[in-house]
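Asks: I'd like to ask you about the structure that follows.
The values are calculated or read from the model by the stated rules, or taken from the named source; none is laboratory data. Just so you know, these numbers come straight off a predicted model, no measurement behind them. Reconstructed Cβ throughout: ideal geometry from the backbone, glycine too, with neighbour counts over all protein chains shown.
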Amino acid sequence: MIANHGQSRQYYHDLLGVNSRLDAIQAAVLRIKLRYLDHYCDMRRRAADAYDDLFFEHKNITTPNRVNFSSHVFHQYTMRIPPADRENLQAHLAALDIPSMIYYPVPLYKQKAYIPYWDPGKQLTNTELLCGSVISIPMHTELDQKLLDYIGEGVLSYFG
């Protein structure tokens, strides 16, 4: 558990831990892949641009915010939707064979590992809102336009 962020199961942290799962073989592969890092980052940004275009100004979808003084790499493409739609959207996407993830379903301050450091008098309303309303759709370097369109149309078809 210590080497896996203190998790007993995914996204539930029972104790403080670290990310220490990189073995020698993974390091050797990553050493080669590092040469292509800029290209990988560009491909992720291209995929995010396509999603942004597909969801542009949709009343039920808030796309990730970007600032002009930085370039986001998009490890994930996480969008905000109405909380009441999240589970149904995830089921809708699964029926279309489109994977989706809900990362961090429980705010860190409510995790067992962090309770001793939390002031129960504080309220984190934005944290609560986001933990209940964000969902991530596929994001990787191999997403071509056809697949991006399929995923985007799958999301949009849920909202009608």
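Asks: Do we find that residue 16 is outside any helix (DSSP H, G or I) and farther than 21 Å from residue 101 by Cα in this structure?
Replies: Numbers: outside any helix (DSSP H, G or I): yes; farther than 21 Å from residue 101 by Cα: yes.
Considered against the rule, which asks whether it is outside any helix (DSSP H, G or I) and farther than 21 Å from residue 101 by Cα, residue 16 comes out as yes.
Asks: From 147, 96, 143, 156, which residue is within 21 Å of residue 72 (Cβ to Cβ), over 17 Å from the mean Cα position of the chain (by Cα) and modelled with pLDDT of 95 or more? Don't jump to the end; show me each part of the working.
Replies: Working: 96 fails: within 21 Å of residue 72 (Cβ to Cβ); 143 fails: over 17 Å from the mean Cα position of the chain (by Cα); 156 fails: within 21 Å of residue 72 (Cβ to Cβ).
Of the residues listed, the single one that is within 21 Å of residue 72 (Cβ to Cβ), over 17 Å from the mean Cα position of the chain (by Cα) and modelled with pLDDT of 95 or more is 147.
Asks: Quick test for you: out of 67, 18, pick the one residue that is modelled with pLDDT under 95, touching a His at 6+ places or on another chain (Cβ under 8 Å) and hydrophobic (A, V, I, L, M, F, W, C).
Replies: Working: 67 fails: touching a His at 6+ places or on another chain (Cβ under 8 Å).
Result of the check over 67, 18: 18.
Asks: Any idea which residue in the stretch 18-48 is farthest from residue 72 (Cα to Cα), counting only those that are of a type in the set (Gly, Ala, Ser) and without any contact (Cβ under 8 Å) to a residue 60 or more places away in the chain?
Replies: Keep residues of the stretch 18-48 that are of a type in the set (Gly, Ala, Ser), which gives 20, 24, 27-28, 47-48.
Checking which are without any contact (Cβ under 8 Å) to a residue 60 or more places away in the chain leaves us with 20, 24, 27-28.
Working: 20: 25, 24: 28, 27: 24, 28: 26 Å.
Within the stretch 18-48, the match that is farthest from residue 72 (Cα to Cα) is 24.
Asks: Conditions: (1) in contact with a strand residue (DSSP E or B) (Cβ under 9 Å, 6 or more places away or on another chain); (2) part of a loop (DSSP other than H, G, I, E, B); (3) among the charged types (D, E, K, R). Residue 86 meets all but one. Number of the miss?
Replies: (2)
Asks: Could you list, in sequence order, all residues of the stretch 105-114 that are part of a loop (DSSP other than H, G, I, E, B), out of contact with any Leu (no Cβ under 8 Å at 6 or more places or on another chain) and loosely packed, with under 15 Cβ neighbours inside 10 Å? Write out each step before concluding.
Replies: Going through the stretch 105-114, the residues part of a loop (DSSP other than H, G, I, E, B) turn out to be 105-107, 111-114.
Remaining after also requiring out of contact with any Leu (no Cβ under 8 Å at 6 or more places or on another chain): 105-106, 111.
Those that are part of a loop (DSSP other than H, G, I, E, B), out of contact with any Leu (no Cβ under 8 Å at 6 or more places or on another chain) and loosely packed, with under 15 Cβ neighbours inside 10 Å: 105, 106.
Asks: So, of the residues in the stretch 3-18 that are exposed (fewer than 13 other Cβ atoms within 10 Å of the Cβ) and small (Gly, Ala, Ser), which turns out to be nearest to residue 108 (Cα to Cα)?
Replies: 8
Asks: Would a scan of the stretch 125-138 turn up a residue that is under 16 Å from residue 46 (Cα atoms), within 15 Å of the chain's Cα centre (by Cα) and not small (Gly, Ala, Ser)?
Replies: Just the residues of the stretch 125-138 that are under 16 Å from residue 46 (Cα atoms), to begin with: 137-138.
When the remaining residues are screened for being within 15 Å of the chain's Cα centre (by Cα), the result is 137-138.
If we keep only those that are not small (Gly, Ala, Ser) too, we end up with 137-138.
Checking the stretch 125-138: at least one residue is under 16 Å from residue 46 (Cα atoms), within 15 Å of the chain's Cα centre (by Cα) and not small (Gly, Ala, Ser).
Asks: Given the criterion surrounded by 14 or more Cβ atoms within 10 Å (Cβ to Cβ), out of contact with any strand residue (DSSP E or B) (no Cβ under 9 Å at 6 or more places or on another chain) and part of a helix (DSSP H, G or I), identify the matching residue among 35, 46. Lay out the reasoning, then the answer.
Replies: Numbers: 35 fails: surrounded by 14 or more Cβ atoms within 10 Å (Cβ to Cβ).
Only one candidate passes the filter, namely 46.
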